[in-house]
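Visitor: Before we start, here is the structure in question, set down as structure tokens.
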Amino acid sequence: MTQAKIDGMNVKVDKFGRIVLPKPVRERLQLRAGMNLELEEIPGRILLRPIRRSSLMVGKDGMLVHPGKLPRGFDWDRLMEDSRDAKP
């Protein structure tokens, strides 16, 4: 198995290519089970970066707005009509 040092801690690569990040590192970087990491290969090194999801809504001028793109063919008029017709 291959070994490496992280902050003075050893990690091993198992026969399936997996490593276990030490708990203090996971806590410092707020890594949780199921999170995705971006892997970048640099000559002689491997760089892992957490992929942080951006919020679906952001504050703008005191309101929450969605910063993403609308799906092709999205119909604002239909949305407004449907929301007006919806019963409370």
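Visitor: For residues that are of a type in the set (V, I, T) and touching a strand residue (DSSP E or B) at 6+ places or on another chain (Cβ under 9 Å), scanning just the stretch 39-88, find the one that is nearest to R26 (Cα to Cα).
Guide: It comes out as I51.
Visitor: A further question follows. For R32, indicate whether it is in contact with a Lys or Arg (Cβ under 9 Å, 6 or more places away or on another chain) and of a type in the set (K, R). Step through it out loud before you land on a result.
Guide: Working: in contact with a Lys or Arg (Cβ under 9 Å, 6 or more places away or on another chain): yes; of a type in the set (K, R): yes.
Judged against the criteria, R32 is a match.
Each value in this text was obtained by applying a stated rule to the coordinates, not by laboratory testing. Because the structure is predicted, anything quoted here is derived from the model rather than measured. Cβ: placed from backbone, ideal geometry, glycine included. Neighbour counts: every protein chain shown.
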